[in-house]
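So the structure is just underneath, and the comments pick up after that.
Only the coordinates and a few stated rules stand behind these numbers; no lab work does. Just so we're clear, the structure is a prediction, and the values are computed from it rather than from any experiment. As a convention, Cβ positions derive from the backbone with ideal geometry for all residues, glycine included, and neighbour counts pool all protein chains shown.
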Amino acid sequence: MTTPKPSAIEDRRQITLARVAGEGEPLAEQVVGEGHPTADLRIALVQAATIWRDAAANRTLYGDLVLNLKGAADVIVLPETFTSGFGQDAIVSAEGMDGPSVAWLRELAAQADAVITGSMLIADNGIVFNRLLWAQPDGGLHWYDKRHLFRMANEHLRYGEGHERRIFEVRGWRVLPQICYDLRFPVFSRNRWHGEPPRADYDLALYPANWPTPRRHAWRTLLRARAMENLAYVVGVNRVGVDGNDLHYSGDSAVIDPAGNPMIELGAQAQTAVVTLSAQALASHRERFPAWMDADDFSLSMD
């Protein structure tokens with residue numbers, strides 16, 4: 001029998017890694033199901049044509065779509081900047097954490113009895129962040145600020161960058177939240193194993209996005225790559241339609257299994273879909289193909 005490789009990374013890591021349990025409380029290390037989740041997880045993808053810079057209209061649009069999924073999903077994923085659309089002009093649509101869209105999202109999660117997640121433009125202490133919100137049905141609210149800002153659209157000049165990699169938990173699954181352009185940076189999303197028995201940092205990575213049609217090949221390719229290299233499920237949820245900058249979006253929202261195979265791929269039309277992620281299939285693949293045991297040790301600085 002091969003002896004699991006010790007995780008020197010865990011001792012040397014410089015990145016701030018927050019596992020979230022209660023509101024603002026770090027979660028102590030837990031082992032679930034001998035290193036893997038034990039219950040299946042139902043994921044809903046909500047792919048729609050976000051209305052340009054109209055938060056109230058988008059709350060109606062996405063609210064109706066979410067409530068139609070009540071009882072069908074444990075986690076409902078919306079696109080990036082789903083209350084405004086993505087662009088430098090959209091910064092005027094930023095709200096505070098005490099604004100109407102955050103309150104609406106929390107209420108919607110309670111009504112749908114599911115976690116709802118996606119990103120909004122949030123003003124916090126004078127800085128606007130592209131912030132993924134994780135609204136729980138019990139009222140809990142957590143977030144991740146986009147780390148990699150899309151300089152080709154000057155996002156890095158007008159928005160604040162995130163300085164934490166965060167891990168959320170739901171039904172025994174560890175979830176890594178990322179946003180759009182983060183998909184191109186595999187070191188930041190690298191899965192690590194630690195503890196005894198060894199436990200992965202995460203089991204599922206989420207990528208809400210506004211990813212334009214001309215770069216759809218990269219989107220589809222990188223979702224598969226992130227799943228294969230991290231032995232984890234990957235969910236990408238993109239928007240469709242045309243935004244206020246005349247950029248076209250072809251959707252291509254997808255669920256990718258840990259071997260890199262698409263479980264579902266949506267087309268270019270507005271639609272929702274629910275996919276069940278198998279805990280047993282995840283555990284079996286990791287046991288059958290334990291590439292993590294040969295991974296390189298490294299440290300990651302967030303400077």
Quick note, the range 205-303: a/c under 1.5 would make it rounded; otherwise a/b > b/c is prolate and the rest oblate (a ≥ b ≥ c, C-alpha gyration tensor); here it is oblate
Segment Ser284-His217, length gained on full extension (0.36 nm per residue, minus Cα span): 21.2 nm
When the Cα centres of the range 143-205 and the range 225-275 are compared, how far apart do they sit, in Å? 17
Using each residue's phi in the range 89-101, evaluate 6.51 cos²θ - 1.76 cosθ + 1.60 at θ = phi - 60° and report the 3J(HN,Hα) Karplus result to the nearest Hz, with x for Gly and Pro. 5, 5, 4, 5, 8, 4, 10, x, 5, 9, x, x, 6
Subtracting the Cα-Cα distance from 0.36 nm times the residue separation, let me have the gained length for Asn245 to Leu300 in nm, one decimal. 16.3 nm
Label-point separation, Ala110 to Met97 (7 Å along Cα→Cβ), nm: 1.9
What value, in deg cm²/dmol to 500, does the helix sum -39500 (n - 2.57) over DSSP H runs of n ≥ 4 give at 222 nm once divided by the residues of the chain? -6000 deg cm²/dmol
Just to confirm the number: angle between the C-alpha axis of helix 216-230 and the first principal axis of the chain, 0 to 90 degrees, nearest 10? 30
Karplus couplings for the range 251-261 from phi (6.51 cos²θ - 1.76 cosθ + 1.60, θ = phi - 60°), rounded to Hz, Gly and Pro as x? x, 6, 4, 7, 10, 10, 7, x, 8, x, 8
Provide the three semi-axes, in whole Å and in decreasing order, of the ellipsoid equivalent to the range 94-232 as defined by the square roots of 5 times the Cα gyration tensor eigenvalues. 24, 22, 14
Return the sequence-ordered ³J(HN,Hα) values of the range 137-142 in whole Hz as given by the Karplus equation 6.51 cos²θ - 1.76 cosθ + 1.60 applied to θ = phi - 60°, using x for Gly and Pro. x, 8, x, x, 9, 9
Rounded, prolate or oblate: which fits the range 254-303, taking a ≥ b ≥ c as square roots of the Cα gyration tensor eigenvalues, rounded meaning a/c under 1.5, else prolate when a/b beats b/c? oblate
What spacing in nm lies between the two simple spin-label points modelled at Gln271 and Asp54, each 7 Å away from Cα in the Cβ direction? 2.5
For the chain, size of Cβ-based charge dipole, Lys and Arg +1, Asp and Glu -1, in debye: 620
Label corresponding to P(r) over Cα pairs in 20 Å bins from 0, in percent when calculated from the structure given, among [x] 32, 58, 10, 0; [y] 36, 58, 6; [z] 26, 43, 25, 5, 0: [y]
Compute, for the range 223-273, the length of the dipole vector about the Cα centre, with Cβ point charges of +1 (Lys, Arg) and -1 (Asp, Glu) only. Units Debye, rounded to 20. 100
